[in-house]
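No value in this document is a laboratory result; all are computed from the given coordinates. No experiment lies behind these values; they were computed from the predicted model shown. Cβ placement follows ideal geometry from the backbone for every residue including glycine, while neighbour counts extend to all protein chains displayed.
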Amino acid sequence: MTRIAIIRGLSLNKFEMQSYEPLKKYFDITAYYTNNHFADVSIIDLPKKELRALECVIGCPLSKLMDYPLRLLGYREAMIGLVDELKSYDIVHTAETYNGYSYQAIKAKEKYGTKVVVSCWENIPFFCEYPNMRSYIKKKVRDNADLFIAVTEKAKEALIYEGVPEKKISLIPVGINLDTFKPERKNEEYLKKLNLSKDDFIILSIGRLVWDKGFFDIIYAAKRILLDPELREKSIKFVFIGSGKEEKTMRKLINKLGLTETVKMAGTFPYNDIPMIHNIADIFLLPSIPVRNWQEQFGMVFAEALACGKPVIAGESGSIPEVVGDAGILIQPNDPLSIYREIKRLVIDDALREKYQKSARPRAVEVFDPEKIALKIKAEYDNLR
């Protein structure tokens with residue numbers, strides 16, 4: 001049986017691996033991650049193996065001292081012992097051309113003849129090319145990998161601009177668990193946890209609490225909603241799920257605008273809880289903002305919201321239009337007024353809201369079925385054998 005190594009370093013996570021779990025039927029597959037990983041890997045239904053991260057070679061908390069010189073060199077997310085670990089694998093599947101472990105996979109190819117596949121989410125051409133070491137790593141990976149899987153058209157275009165031949169790029173999106181993310185009634189237990197009522201009209205936002213996810217624009221839009229006499233009786237509540245560096249500043253703004261009863265910052269929840277949280281919502285909203293060094297690379301939360309049958313309002317950032325398609329509403333970034341107007345349209349127009357509810361789930365089933373996506377990945381692996 002063909003042996004496959006999935007390498008994700010500190011970024012191994014359940015939501016991406018949903019598209020790889022079905023591959024166990026066809027391959028001997030193992031997922032590799034580092035000891036400084038940030039997600040719960042125990043819920044991933046694949047054989048797994050942990051290696052030490054180069055950043056952590058001297059141990060914690062002193063490992064933080066390694067971060068700056070490695071960042072300066074551009075050699076980050078390398079995994080100790082990975083090259084020799086890969087000698088018995090037929091195919092090694094990494095992520096992004098700039099990661100140290102992708103460079104290590106190329107070294108394993110040179111040493112043992114292993115085939116290398118690189119998944120690419122990055123949709124900004126020539127991103128992470130400085131310092132010069134990282135530019136060298138990216139070029140080494142681009143020139144020697146056997147196949148690139150772009151998760152969006154924008155990621156594919158970025159690879160083409162960087163010089164990857166189009167014939168070496170396959171476009172395969174990311175799947176989600178459609179048995180878990182599906183329309184359900186509002187769960188009273190989760191409503192109670194969030195101090196909400198079943199009569200509330202709930203607008204849900206999930207993401208890192210940072211400026212470029214558009215949370216400040218949502219807060220300003222929430223103020224307009226609160227001041228609108230036509231919406232005063234609707235009991236509209238905004239719920240933010242996530243954590244991040246802007247949390248304190250957001251709380252200050254919420255207090256300043258008198259929105260403490262309208263906007264609820266609920267913190268983080270385990271990934272297994274997210275389907276139920278999506279299903280307490282009436283609308284999913286995330287007006288992401290593109291910035292110089294980041295634009296939305298995919299937006300799993302949009303696919304999950306669609307799968308749960310939710311009307312979606314999204315910022316026109318990066319690859320979001322590819323994910324949402326015609327099943328949601330796209331708005332220009334940095335525009336609280338447009339957010340307010342689109343929310344109002346969906347709140348007062350039951351037929352419009354129902355239209356988006358009806359189109360959401362079918363799009364998710366058509367585009368994000370993990371079994372279909374796994375078969376596409378399998379076909380690419382088979383072509384490399």
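The table for this structure:
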item: Share antiparallel - DSSP beta bridges, region 188-367, percent rounded to 5; result: 5 percent
item: Cα centroid separation - region 294-341 against region 195-209, whole Å; result: 17 Å
item: Modelled FRET efficiency - R0 41 Å, LYS376 with ASP349, Cβ distances, 0.05 increments; result: 0.60
item: With Cα atoms, 0 to 90° folded angle of helix 247-256 axis to the chain main axis; result: 10 degrees
item: Segment LYS87-LYS358, length gained on full extension (0.36 nm per residue, minus Cα span); result: 92.6 nm
item: Cα-based shape type of region 325-385, given that a ≥ b ≥ c are square roots of the gyration tensor eigenvalues and the cut on a/c is 1.5; result: oblate
item: Neighbour-count ranking [beta-carbon atoms within 10 angstrom, fewest first] of PHE269, PHE181, PHE15; result: PHE269, PHE15, PHE181
item: Residue order, fewest to most surrounding Cβ atoms within 10 angstrom, among LYS48, LYS358, LYS223, LYS138; result: LYS358, LYS48, LYS223, LYS138
item: Rounded, prolate or oblate (a/c below 1.5 giving rounded, otherwise prolate when a/b exceeds b/c) for region 279-385 by Cα gyration tensor; result: oblate
item: Neighbourhood net charge (12 Å Cβ-Cβ; Lys/Arg +1, Asp/Glu -1) for VAL41; result: 0
item: Ratio of the Cα radius of gyration of region 268-338 to 2.2 N^0.38 Å, where N counts its residues; result: 1.10
item: Where only alpha carbons of region 188-367 are counted, the Rg and the Dmax (Å); result: 14.9, 44
item: R0 of 51 Å, Cβ-Cβ distance ASN35-LYS198: FRET efficiency to nearest 0.05; result: 0.75
item: Cα gyration tensor, the chain - rounded (a/c under 1.5), prolate or oblate; result: prolate
item: Ascending count of other beta-carbon atoms within 10 Å, so fewest first, for SER42, SER19, SER338; result: SER42, SER338, SER19
item: For the chain, size of Cβ-based charge dipole, Lys and Arg +1, Asp and Glu -1, in debye; result: 600 debye
item: Fraction of beta bridges assigned by DSSP in the chain that are antiparallel (%, nearest 5); result: 5 percent
